[in-house]
Every structure is written in C-alpha cells, then in structure tokens.
Amino acid sequence: MKRAGFSDRWLPVLFLLPQLTIIFIFFYWPAAHALRSSFFLQDPFGFGETFVGMKNYTMLLDSASYMRAAWFTVIFTSLVTFLSLSIALLLAVKADKVIRGAKTYRTLLMWVYAVAPPVAGVIGLVLFDQSWGPLRDFVALFGWDFRLGVNYFDTAFTLVVMSVWKQLPVNFIFFLSGLQSIPRSVREAALIDNRSAAGRFWDVTFPLLAPTGFFLLIINITYSLFDTFGIFDTQFKGEPGNNPMTLVYKVYLDGFRGNDLGGSSAQSVILMVLVLALTIFQFRMVERRIHYT
Amino acid sequence: MAQVKLNAVRKTYPNGFEAVKPASFDITDGEFVVLVGPSGCGKSTMLRMIAGLEDISEGELYIGETVVNNVDPADRDIAMVFQNYALYPHMTVRKNIGYGLKNRKIPSTEIDAKVAEAANMLNLNDYLDRKPSQLSGGQRQRVAMGRAIVRDPALFLFDEPLSNLDAKLRNQMRIEIKALQRRLGVTAVYVTHDQVEAMTMADRIIVMNGGVIEQIGTPSEVYHSPASTFVASFMGAPPMNLFDGHANGTEVHVGETPLHRHTHQGKVTVGIRPEDIVPDVTGPLAINVNIIEELGAHRLLHGHTADQAVTIHVAKDFPAVTGPMTASLKPDAVSLFDSETGHRL
Ligand SMILES: Nc1ncnc2c1ncn2[C@@H]1O[C@H](COP(=O)(O)OP(=O)(O)OP(=O)(O)O)[C@@H](O)[C@H]1O
Ligand SMILES: [Mg+2]
C-alpha cells in the first residue's frame, strides 16, 4: 500500500489537536481528578479535604450495600448481555430467512434503538405500573402479583426486560448484516454437506458470525454496565430505597445524593479499571483470532 | 453412480422471470455432460435445480430411479463444486474435506482414511492443516474437488469451477478433472461458458440460449452439425462463417457462386467452418483478404466474399498475402439454416 506522508511535522499534530483536546478535557482530566479524590475525604459543603489513603477503597469492600450492588451488577450485566445477544441472534436468523422483507424489518426494528434510555425506562414504568400497567395485569393472570418498585425481584425483572428490549435492535442489525455477509455459496455447500439445519447453524453459520458476536459482546457488556443508567434513573428518580442498582448508578447516588465525593470517586476508579481490563481483553482477542479472510 | 432424467423441467423465479423453459433430457450413468451457453442463459439455474438449491417450478427430476423434486440437497447423493469454491473459511483443509462425511455419522478413522486418500490424489498432503485463506486459488480449487470426491456421490455437479484460475492452470485442471471423473466413473454435469472446456471435456454437450436448449449432442455433432445458427456461431473459435445465400431448388448460391446442392428454395443461411475453406487456385470462391492473423500453429485470413465477411483457417506454411485469392470447399462442409428461424435445414 502506498503511504501518504506529511512534509511538515507539525501539521499532523495540528489536525490531531481538537480530538486530543476533547479527550483530555472530557476524559483524562476528570479521570485524574477522580483518581486523586478517591484518596481524600471531602467535606460535604466544599470546605476542604483530608487525605485518607486507601480508606475509601477499604470502606467500599467492607460495605454490604456496595457488595450487594456489585453482585447485582454482575448478574444484571450477564443477564442483559446474554439475553439481548441470544434473542437478537434468534430474530436475525429468522429475519434472514425472509430476505425480501429483511429491509423493512431492519428499519422497523431499528426504531427501538432511537428510543432514549430514560424514555425506555418510562415505558417500562407504564407497562408494569401498579394500577394500570397492561403487562402487570397480564402477569397477574398467571398469579404473579407484580410490584414494581416495591418488590426487589420484580423491579430487577423490569430493569432487565427494559434494558434487553432497548439493546435488541442494535444487536439484531449487526447479526443480520453479519448473516447476510456470509457468502451464499458457503451456505449452499453446507446445505449439501449437512441435512440438519441446527447442525449447519452451529458448524458453519455461528463460527462465521463469531467476529460480529465478539464485537457485540463487548458492546453489550459496556452497555449493560454504563448505558442503562437512564433506565435506572427514571425508575428510581434518585431514591432507590431497597431496590437493586448497578455500580454506575451507585456512583451517582453516593456522589451526588449522598455527597460522599471521595467514596464515589473510588467507585469510579474501580469502574475505570474494569473498563481498562475489558479493553485489553478485547484487543488481545481481536489480535489472537476472530477474523477470517 | 446414477443416471439423471429431466422431464419438462421449468424454472420461473419469484419475480416471474422464466429462466429455464421446459427442458427434457437424459444423462446416462457415468456420462460427462457439459452445459454451455452465454452468460445469463440459465445454466446455473438448471444445475442448481438438479442440486436442489433452487426449487423446480414444473416438471420432474429423476436421479437414479426416483423423483427428487422434493428431496433435500443433502439427501440427493450429489457433490457440487462452486465457482468461488465455497470453502468453509473457519475450517482447516482437512475439516473442509471431511465435513460432509462427519455429518453422515461415518467413523472418524474412516473419514481420516478417505481424506488422506483424496489429499493424495489431489496433491494436498502438505496443506491439510491450513485454512482456506492460506491457499492459492488453484489449491482452493483442489480442496473443493476433494470435498466433492470424498463423498463418493452418485452425481458430480460443477458450476464454472475453473473460471477463477489463470489460463495455464485452467488447462491443467481441465484435464485432471476429466481424468478423475473417468477414473471414478461418476456421472457429472459441468457448467461453463467456455466452449473450449465444453468441447474438450464433454461426452455430450447441451447448448443453451435464453433458457432454451438449442442442441444436445457429442462435441463432434455440435461442432460439425450445429442445430442452429446460434450453436454455429457460439461453438468454435473463430466461429462458423455464416453467409446469406439463395437456393433455387437445385443449388445454393452465395453471391453468384454455387456452393452446394440442395432441394430447398428461397433465402437460406449458409454455414461453413473456417478450416473447411481451402485455398485453391482453381477454386470457385473468390475472396478478398484484408487481414492476416498469425497464430503460430496456423493462420487466420479475414476478408470478404460477395461482400460478406469470411474467415479462413490456413496452415502455417501457406504463403498468405492480402488481396484477392480463390478457394474451394471440403466435401460436406456446408450447413444450411433457415434464414428466418435459424434452424438447421
Ligand atoms: N433469484 C433470481 N430471481 C430472478 N431472476 C434470476 C434469479 N437468479 C437468476 N435469475 C435470472 O435468470 C437467468 C439465468 O441465470 P443463471 O444464473 O442461470 O445464468 P447462467 O447461465 O448461469 O449465467 P452465467 O454464465 O453468467 O453464470 C438470468 O437472466 C438471471 O438474471
Ligand atoms: Mg452461472
């Protein structure tokens, strides 16, 4: 490949400057600030701070509510990721069979993606509402006395459903285009080689979707961890009581509602480390395999 | 091993396009049949119907003794080689070749033996653990062949398997495929748009045009007695010379020159192969040569006779010059076609 070069050394730097500035102002600077704050105890009214070392971190590990949120986050993330990936894959495989309709389907399903998370949360509230939610009435038919916002399990259930629902379209689109990019003749060769449709799926289609699937796995984990904030916030409006919440929501709650900036910063730092680990894992995997030409 | 029989098989695509008009023919056991025709004439459609990859709109298809219209491709006992090879990109060569066997619940020791045998036959021993992306086009082609032969099918189907290879490799693989088919004795249907492949490989050629079968015959029949002006101009390079002629009930004339005795009356199309026109100082045919094409082994002279374009094939030692010359015809050189329908008279 031909390489275009710059004759002037400073020109490329100049082009990069806006991007670098944005990254610095909105990412590195706050991150550094959070890291620093996590070692201090902040006065709630802004009158100074005291260095406390690792105390913010050790307190988190001792805190039952933090560990509870951590566990919930693990379960919530796994559930949302697993469900939104597998349901989307199932839908994509079905839609792929009806290639002709696929285009319309695609647009129709993509619409859901345009719904902002808080709106998704509100829709969830409406659907499962205590007095007039249609889904609440529906599950009541099966003897399930659904209590959104009161019962821990029921609330978690709603949060998972809404988060999965919100993420399905993106996964669907990616899986569908992944499926459609598998060469027709390869599928036809499989059709001759294997009479079982399930066998063909697991032996040929699924491995060829692996690059898409892996990419989506990372996207979905990140989504469940961070982007579901809006869904939680509309649900709790800052007062979750005994309801389940993710670590990200707890950062916000402890920092801005509880005014514990030090503890909240320590939580952010832990999340940053988590994201860093996830990113390293992703690059390792991408380097190692998962692409065929 | 099996014979194949098509009974008025027709294909209409969902958009209403009739890609194959009702076609009937038999392929006998062990025969190598080549489907040839220009792009878009319905060759692949025909082959894919035989494979079961495309529904048959009307008619019956028999493989062996049974109607297989509604039989799954995997159950038709066929093997297919695709134009772009269609190898599984995530599987090694070994797995690619063995995949079909694995699904037939064949014990793995037997699969290994069969894969090894096929790899030997196709010189793939050194590549068994590579992925398709690490192979050259020719090697991929061999893997596709290997995948077909290990299945021990009743019928081989090939859809332009050589068109992605360079000319030299194509010639070599052409001979190898033919030899392999001979050795295994498996019935084969081979699609190509290359008339040289058709001529050299086929026991019988099926020439298609616009969804219609124009002619079915041995290479020599198709070449020497084309059933239509389409076949005459499609088969052979350079193609058959076609002249507008006139028949008076006893003789056929091109311009003023009588070329052939025939009882037909009226306008006709006269077809003569370039190599059936021989330079002859006393010959009746007056030709004005414009261009000499030097091809090494022989020469082609392009010119006009009676204001119509003509091509002559001459030996390399013939002292060719541009300008007027005379020629005569070999016996039985003339094919006559109806000038309206193009059918052979
Ligand atoms: N799915 C389809 N729907 C509608 N028309 C189709 C479809 N597939 C093929 N055709 C049409 O049917 C005709 C025959 O197609 P086919 O693929 O059999 O041609 P072919 O003889 O194999 O040509 P080539 O040498 O270019 O491969 C073409 O005119 C093509 O446009
Ligand atoms: Mg074709």
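With the full set of protein chains in place, find how many percent of the accessible area of region A:47-286 is carbon and sulfur; take the probe as 1.4 Å. Here carbon and sulfur together make up 71 percent of the probe-accessible area.
In this structure chain A gives 59 Å² per residue of accessible area when probed at 1.4 Å with all protein chains present.
Estimated at the nearest 10 Å², the accessible area of B:Glu294 is 110 Å² with a 1.4 Å probe.
Mean per-residue shielding of peptide B:85-93 is 5, counting Cβ atoms of other chains within 10 Å of each Cβ. One quarter of the convex hull surface built on the alpha carbon atoms of the protein assembly as shown amounts to 45.5 nm², the projected area averaged over directions. For region A:174-197, accessible area lost to neighbouring protein chains reaches 20 Å² or more, against the chain alone with a 1.4 Å probe, at A:Arg184, A:Ser185, A:Val186, A:Glu188, A:Ala189, A:Leu191, A:Ile192, A:Asp193, A:Asn194, A:Arg195. Put simply, when A:243-249, A:180-186, A:77-83, B:53-59 are sorted by average Cβ atoms within 10 angstrom per residue, most first, you get A:243-249, A:77-83, B:53-59, A:180-186.
In this structure region B:215-264 gives 46 Å² per residue of accessible area when probed at 1.4 Å with all protein chains present. Heavy-atom accessible area buried between chains A and B is around 1900 Å² (1.4 Å probe, both sides summed). Taken over the alpha carbons of chain B as equal point scatterers, the Debye sum produces base-10 log I(q)/I(0) values at 0.12, 0.14 Å⁻¹ of -0.92, -1.09.
Computed over the Cα atoms of region B:182-229, what is the convex hull's projected area averaged over all directions, in nm²? Its Cα hull, projected and averaged over all orientations, spans 3.7 nm².
Each part reduced to its alpha carbon centroid, region A:160-180 and region B:208-255 end up 59 Å apart.
Over the alpha-carbon set of region A:47-286, divide Rg by the Kirkwood Rh and report the Rg/Rh ratio to two decimals.
Numbers: Rg = 21.2 Å, Rh = 20.2 Å.
When Rh is taken as the Kirkwood radius, the ratio is 1.05.
Would you mind giving the mean number of other chain beta-carbons within 10 Å of the Cβ of each residue in B:66-77, as a whole number?
On the way: counts 0, 0, 0, 0, 0, 0, 6, 8, 9, 2, 1, 0.
Mean inter-chain Cβ contacts per residue within 10 Å come to 2.
Just check region B:44-170 against the gyration tensor rule for me: Cα atoms, a ≥ b ≥ c as the square roots of the eigenvalues, rounded for a/c under 1.5, and otherwise prolate or oblate depending on whether a/b exceeds b/c. Cα axes put region B:44-170 in the oblate bin. Highest average first, the peptides A:163-172, B:134-143 ordered by how many other beta carbon atoms sit within 10 Å of their residues are A:163-172, B:134-143.
Highest-first packing order for the peptide set B:198-204, B:40-46 is B:40-46, B:198-204, based on the mean count of other beta carbon atoms within 10 Å. In terms of its C-alpha gyration tensor, region B:3-104 has a prolate overall shape, because the principal axis ratio a/c (a ≥ b ≥ c, square roots of the eigenvalues) is not below 1.5 and a/b outweighs b/c.
The values are calculated or read from the model by the stated rules, or taken from the named source; none is laboratory data. Computed from a predicted model, the values in this text were never measured in an experiment. No Cβ is skipped: glycine too gets one built from the backbone with ideal geometry, and neighbour counts run over all protein chains shown. Accessible surface is based on the protein model in full, side chains and every heavy atom, while ligands, DNA and RNA are left aside. Shrake-Rupley method; radii C 1.70, N 1.55, O 1.52, S 1.80 Å.
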